[in-house]
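Colleague: A single structure is presented below for examination.
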Amino acid sequence: MLERMSFRWVSIWFLCALLWACTPASTEVREPAPTPTAISPTPTAALITPTPRPPLDATLRQQIFTEVWTTINEHYLDPTFNGVDWARVRAEYGARALAAEDDASFFAVISAMVRLLRDDHSRFVPPQAVIAEDQLTRGREEQVGIGVSTLPLSDGLLIQHVFPDSPAARAGLQPRDRIVAIDGLSFNLGSIEGPLGSSVRLLIVQPEGDSRELELIRERVEGRIEPLIRRLSDDVAYVGISTLWVNDMHEQVATALQRLMAERPLRGVILDLRSNPGGWRDVLSGLLGHFVTGDVGAFISRKGATPLVVTARNPDLRGLPLVILVDRGTASYAELLAAVLQQEAQATVIGRPSAGNTETIYAYEITGGARLWVAQEVFRLNDGSDLEGKGVQPDIQPSSDWTRFRFEADPWIALALDRIREVR
């Protein structure tokens, strides 16, 4: 779901819109497009239950449509809108939106309009989907299910995290187990989530090749997404980060690294960004600060260039041998993290070329609880290159498939350890 999220913005526009919605229909009120203002997400420990919303009337539909169209018109990275006649789109899709049969159809029209831009970044998020986005922002996976987070692959759902005291944990499921069937159906036709107290049958294939079937009862589960950090042989730190979307991920990493350093010094670092979809700019900057400082590149928009200036963070790992693991699922700010360290810290990159999906998107809160993500910037490295459409190019490309191995037998990690020994 969670695509290339870089900055989170909220606007005073939402309050203005609520007041506007209470204004008599005969009163004409014109407001500018939403103006972003940075905020910090607020953590919550409770499972969020969607609040029923009254149907949108014609006035609110017009307001929402105008906000979305105007925001893209003013802020989209490409002033030609990838060759789309954006003025014509306003007339055509405005009529469709107002004529939509119900709210779901209305939001579908808005989404279709944004997709006309033909990029993998900009998108419209209806109100109910915004709730799920915000839960992940807080670093919490909240579900009625079995208590795992998964990575969809071509032949199954690869388990990335197993949450403590969950049905999955009690059944002995482990990271890198693969769910290949759900309730007798292919994994992509079934769902591990469902009604509270309902049962779900799973076919699990383990990295060792063994398979087993089990039946679990769905529970309400809340788990925290955390980095995997441990000391490997030769005092090499392994830092596995599955997402930069958790707003305190850099703080979690710093705290764990400080604990390792307090035991005894480190002699190298493996930074695992495989299948990391990116996340917050603050997290990117915070992680970079362990390895590099200063001006490491710039974000380019229609308004000009904004340098990315990194400040040092504790612990200071500059000068240590550094290896980064990436694959095709490494995207957005995770790609920038790898590319900057490859160029500025002489890190060795092992894996597959990354996604090449690096445009920075900004979020605008839209009337009625919806959200609009708009591509507004590209990042340019200090050598003048960018990653869009190209991705990070590894220095070493293994032939093995890392998803087929347990962590302890992962051949990519073994290669990374060998590389650190070579350069020390």
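The values are calculated or read from the model by the stated rules, or taken from the named source; none is laboratory data. None of the values given here were measured: they were computed from a predicted structure. Backbone-built Cβ (ideal geometry, glycine too); neighbour counts: all protein chains shown.
Colleague: Name every residue in the range 51-104 that is of a type in the set (Ser, Thr, Tyr) and more than 28 Å from residue 132 (Cα to Cα), in order of residue number. Talk me through it step by step, then tell me what you get.
Modeller: In the first step, residues of the range 51-104 are kept if they are of a type in the set (Ser, Thr, Tyr); the result is 51, 59, 66, 70-71, 76, 80, 93.
80, the sole residue that qualifies.
Colleague: Here is a further query. Kindly indicate whether any position in the range 361-370 is over 25 Å from residue 73 (Cα atoms) and either in contact (Cβ under 8 Å) with a residue 40 or more places away in the chain or not assigned by TED's automatic domain parsing to the domain that holds residue 125 (or both). Reasoning before the result, please.
Modeller: Quick first cut of the range 361-370, residues over 25 Å from residue 73 (Cα atoms) only: none.
No; the residues of the range 361-370 include none that is over 25 Å from residue 73 (Cα atoms) and either in contact (Cβ under 8 Å) with a residue 40 or more places away in the chain or not assigned by TED's automatic domain parsing to the domain that holds residue 125 (or both).
Colleague: Hey, could you check the range 207-228 for residues that are surrounded by 15 or more Cβ atoms within 10 Å (Cβ to Cβ) and more than 20 Å from the chain's Cα centre (by Cα) and say which is farthest from residue 181 (Cα to Cα)? Even if it seems obvious, please write down each step before you answer.
Modeller: Step one: list which residues in the range 207-228 are surrounded by 15 or more Cβ atoms within 10 Å (Cβ to Cβ), which gives 207, 214, 216, 218-219, 221-223, 225-228.
Among the residues that remain, those that are also more than 20 Å from the chain's Cα centre (by Cα) are: 207, 214, 216, 218-219, 221.
Values: 207: 16, 214: 11, 216: 13, 218: 16, 219: 19, 221: 21 Å.
Residue satisfying both the conditions and the ranking: 221.
Colleague: Do you know which residues across the range 116-133 are surrounded by 17 or more Cβ atoms within 10 Å (Cβ to Cβ), of a type in the set (D, E, K, R) and more than 16 Å from the chain's Cα centre (by Cα)?
Modeller: 119 - this is the single residue of the range 116-133 that is surrounded by 17 or more Cβ atoms within 10 Å (Cβ to Cβ), of a type in the set (D, E, K, R) and more than 16 Å from the chain's Cα centre (by Cα).
Colleague: Based on this model, can you work out whether residue 173 counts as surrounded by 15 or more Cβ atoms within 10 Å (Cβ to Cβ) and at pLDDT 95 or above? Spell out how you get there, then give the answer.
Modeller: On the way: surrounded by 15 or more Cβ atoms within 10 Å (Cβ to Cβ): yes; at pLDDT 95 or above: yes.
Taking the combined requirement at face value, the residue satisfies it.
Colleague: On the given criteria, is residue 322 under 21 Å from residue 236 (Cα atoms), crowded, with 23+ Cβ neighbours inside 10 Å and assigned by TED's automatic domain parsing to the domain that holds residue 398?
Modeller: Details: under 21 Å from residue 236 (Cα atoms): yes; crowded, with 23+ Cβ neighbours inside 10 Å: yes; assigned by TED's automatic domain parsing to the domain that holds residue 398: yes.
Criteria met by residue 322.
Colleague: For residue 219, are the conditions met, namely being touching a helix residue (DSSP H, G or I) at 6+ places or on another chain (Cβ under 7 Å), at pLDDT 95 or above and assigned by TED's automatic domain parsing to the domain that holds residue 159? Spell out how you get there, then give the answer.
Modeller: Working: touching a helix residue (DSSP H, G or I) at 6+ places or on another chain (Cβ under 7 Å): yes; at pLDDT 95 or above: yes; assigned by TED's automatic domain parsing to the domain that holds residue 159: yes.
So residue 219 fits the description; yes.
Colleague: Among the residues of the range 381-399, write down those that are touching a residue at least 40 places away in the same chain (Cβ under 8 Å) and either assigned by TED's automatic domain parsing to the domain that holds residue 61 or of a type in the set (S, T, N, Q) (or both).
Modeller: Of everything in the range 381-399, those that are touching a residue at least 40 places away in the same chain (Cβ under 8 Å) and either assigned by TED's automatic domain parsing to the domain that holds residue 61 or of a type in the set (S, T, N, Q) (or both) turn out to be 382, 393, 397.
Colleague: What's the number of the only condition in (1) farther than 30 Å from residue 72 by Cβ; (2) in contact with a Phe, Trp or Tyr (Cβ under 7 Å, 6 or more places away or on another chain) that residue 287 fails to meet?
Modeller: Failed condition: (2).
Colleague: Looking at 109, 162, 84, 148, can you tell me which residue is assigned by TED's automatic domain parsing to the domain that holds residue 53 and under 25 Å from the mean Cα position of the chain (by Cα)?
Modeller: Details: 162 fails: assigned by TED's automatic domain parsing to the domain that holds residue 53; 84 fails: under 25 Å from the mean Cα position of the chain (by Cα); 148 fails: assigned by TED's automatic domain parsing to the domain that holds residue 53.
Exactly one of 109, 162, 84, 148 is assigned by TED's automatic domain parsing to the domain that holds residue 53 and under 25 Å from the mean Cα position of the chain (by Cα), namely 109.
Colleague: Could I ask something else about it? If you take the residues in the range 374-424 that are more than 22 Å from residue 241 (Cα to Cα) and among the small types (Gly, Ala, Ser), which one is surrounded by the most Cβ atoms within 10 Å (Cβ to Cβ)?
Modeller: 375
Colleague: Still on this structure, I have one more. Of the residues that sit in the range 70-112 and are farther than 24 Å from residue 361 by Cβ, touching a helix residue (DSSP H, G or I) at 6+ places or on another chain (Cβ under 7 Å) and in contact (Cβ under 8 Å) with a residue 24 or more places away in the chain, which one is surrounded by the fewest Cβ atoms within 10 Å (Cβ to Cβ)?
Modeller: Residue satisfying both the conditions and the ranking: 98.
Colleague: On to the next question. With a cut-off of at least 2 residues that are of a type in the set (S, T, N, Q), name the helices (runs of 4 or more DSSP H) lying wholly within the range 67-164. Let's see the steps before the verdict.
Modeller: Numbers: elements: 86-99, 103-115, 127-137.
In the range 67-164, the matching helices (runs of 4 or more DSSP H) lie at 103-115, 127-137.
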